[in-house]
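Input: a single structure, listed below in C-alpha cells.
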Amino acid sequence: MYSLKGIERHWTKGQSNERYWAALRKDPLFYEEVSNSVHALHSAALVVQNGRFSTGSIQNGDINRKRLDFLSLVHDAEDIIKYSAMQRNIGFRSHISSDAPRFIFADGEMIFLALMNLFDNAVKYSDRSSFVAWKVNVFNSTLKFSIKNSGTWFEPHTVFSPRVERRNEMLNRRQGTGIGLPVTNSVLKAHGVEAGLQFEMSQKPENAKSSDIMFYFDLPLIKDESASSK
C-alpha cells in the first residue's frame, strides 16, 4: 500500500519523468490511494472548518464576496466525496439548467464548506447501492442548488440543532459530528435572508424506515462586485 509520504515521493518523481508518471497513473492501487488520501485530508479539514464556524454567529459583514466559479466548486465537492461514495456503491446524478450561470458573487470558502457538508451528509446517510442527485437551477434571479438522497428517516425539527441525540447511533457508526448542517445553514444565511438551508423529506410507502431527503438553498445572483456591498 502507498503511504501519504510515498505518494508525495512518486508525485515528485513523476513531475520530472513523464513516462514514469504515465505508468504510475495506470496503477489502480496508486489511484485508489491518492483518492483515499485526498478524501481523508478533506474530511479532516471539514471537521476543522465546521468547528471553526460553529463557535459563533456568522454575520453578513463576515462574507468576503468575490467572483466565484460555482459550478466548479460543485464538481470539486462531488469529486472529493466520490471515494467514500464508491465504498458504499453510491452513484451520482446531476442536472444543470441551461440558464444557470457558471460564476456568482459569494464567499468561496463558505460556499465550498456548505457544498462539502451537503455532499458528505448525502453520501453518509444514503442507503447502500443508491444514488445522490444534485441540481442547479435559476428562478427569479436566484440560483438554486439542491441535493437529494434516499436514507434513514429522522425527526425534521432536529435537523439544524447541533450535537443532539437524534442521530447518535448513526453518527457513531458513520463518524459524523452533528454540526455540519447547522454550520451550513449559518454560512448560507450570512449571504442573505433568503439564502438559508431548507429541506424536504417524504417517507417511502414501501419502506417505513427509508425516506427521500432533499436539501436545497437559494443564492441571490449579484451581477457585479459593487452591487454586493449594497
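Taken together, the values in this text are just the output of simple stated rules run on the coordinates, not laboratory data. Keep in mind it's a predicted model, so treat the numbers as computed, not measured. Here Cβ is always computed from backbone atoms with ideal geometry, including for glycine, and neighbour counts include all displayed protein chains.
Here the range 53-147 is assigned +1 on the Cβ of each Lys and Arg and -1 on the Cβ of each Asp and Glu. Its dipole about the Cα centre then comes out at about 220 debye. Loop-located trypsin sites (Lys or Arg not before Pro) in the range 86-132 (DSSP state other than H, G, I, E, B) with a sparse environment of at most 12 neighbouring Cβ atoms within 10 Å: R102, R128. Remark: the range 57-97 projects, on average over all directions, an area of 4.9 nm² (convex hull of Cα atoms).
Fewest-first ordering of Y20, Y125 by other beta carbons within 10 Å of each residue's beta carbon gives Y20, Y125.
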